[in-house]
1. Mind checking which residues of segment 72-111 are within 16 Å of the ligand (Cβ to nearest atom) and among the hydrophobic types (A, V, I, L, M, F, W, C)?
2. Collect the residues in segment 178-190 that are β-branched (Val, Ile, Thr) and in contact with a helix residue (DSSP H, G or I) (Cβ under 6 Å, 6 or more places away or on another chain), keeping them in residue-number order.
3. Out of 191, 174, report the one residue that is within 16 Å of the ligand (Cβ to nearest atom), closer than 20 Å to residue 150 by Cα and in contact with a Pro (Cβ under 9 Å, 6 or more places away or on another chain).
4. Do we find that residue 32 is part of a helix (DSSP H, G or I), touching a helix residue (DSSP H, G or I) at 6+ places or on another chain (Cβ under 7 Å) and more than 24 Å from residue 130 (Cα to Cα) in this structure?
5. May I ask you to verify whether residue 190 is within 18 Å of the chain's Cα centre (by Cα) and within 30 Å of residue 221 (Cβ to Cβ)?
6. For residues that are within 16 Å of the ligand (Cβ to nearest atom), hydrophobic (A, V, I, L, M, F, W, C) and buried (at least 19 other Cβ atoms within 10 Å of the Cβ), tally how many sit in segment 128-154.
7. From the list 118, 88, which residue is over 16 Å from the mean Cα position of the chain (by Cα) and part of a helix (DSSP H, G or I)?
8. Taking segment 197-227 only, how many residues are in contact with a strand residue (DSSP E or B) (Cβ under 7 Å, 6 or more places away or on another chain) and either within 16 Å of residue 173 (Cα to Cα) or within 11 Å of the ligand (Cβ to nearest atom) (or both)?
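Every number here is computed from the coordinates shown, using simple stated rules; none is lab data. Everything numeric here is computed off the predicted structure, so don't read it as measured data. Every residue, glycine as well, gets a Cβ built from its backbone with ideal geometry; the counts of neighbours run over all protein chains shown.
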Amino acid sequence: MNRELRKTIIAGNWKMNMLSSEVQAYKDELVKLVPGFKTWCDAVVCVPFVILPAALQAFDSTDVGVGAQNLSQFESGAYTGEVSVAQLTDIGTEYVIIGHSERREYYGETDESVNEKLKATLTSSMCPIVCVGETLQQRETGVTGDLVAMQVKIALNGISAEQMKNVVIAYEPVWAIGTGMTATPEDAQVVCSAIRNVLADLYDKKTADAVSILYGGSMNDKNAQELLAQPDIDGGLIGGASLKPAAFATIINAANQ
Ligand code: PEP
């Protein structure tokens, strides 16, 4: 983390878990366990679309932001099953995850559709969290750096330095998501730093230094502190551990220290 240059963000990704009726109890427990939210750390829960109203209501009086896990790149129209930027912002959604590896793997999302979704999001006030990361095979082949750089470059194609002030990037090695296998803090730092170098090449150092780059992949209450101690890791995107308020609170508190 580098609080002087950029914001720390701890974002939970509930994936397809939880019910609207469970949100209030989750919020009560979480807020009890986080003694104070500091201005340098944003805590967020990204929830399934149907849970957004309940989550927005439950977290309304707290410092916890609420986000979606996906959105349509299209403005409106005949896109059955999709949810638009306008529909999300209309109810007050503040963040949206774009290009999560599960969306890429199971729903055919590509770097190009990620770019379209990012452009759509940036027409609104929502903060996009753009996910990139390599598979185990890609890591073992030694292409992690090139692959992640390419994902970042395509995702950001046509995005201005001014727009980058509102973009968050999450480095999520696919092999670490939901597997309990975490990248070592050193390995995660290497890739997050490489992403920042790509941003500096695409834009300039000042812009690159201001972008929050999160790590995601089995981050939990035990390993968060070490990961967050790395200079280019500005927070976490957290799946499994964000479902347990106690574990999620420990991670938020680690980021707040
Ligand atoms: C994720 O869903 O983005 C994620 C990192 O999941 P987990 O923390 O469970 O690996």
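1. Once the filter is applied, which keeps residues that are within 16 Å of the ligand (Cβ to nearest atom) and among the hydrophobic types (A, V, I, L, M, F, W, C), segment 72-111 yields 96, 97, 98.
2. Narrowing segment 178-190 to residues β-branched (Val, Ile, Thr): 179, 182, 184, 190.
Correct list: 182 only.
3. Values: 174 fails: in contact with a Pro (Cβ under 9 Å, 6 or more places away or on another chain).
The unique qualifying residue is 191.
4. no
5. no
6. 5
7. Result: 88 is the single residue among 118, 88 that is over 16 Å from the mean Cα position of the chain (by Cα) and part of a helix (DSSP H, G or I).
8. The qualifying residues number 7.
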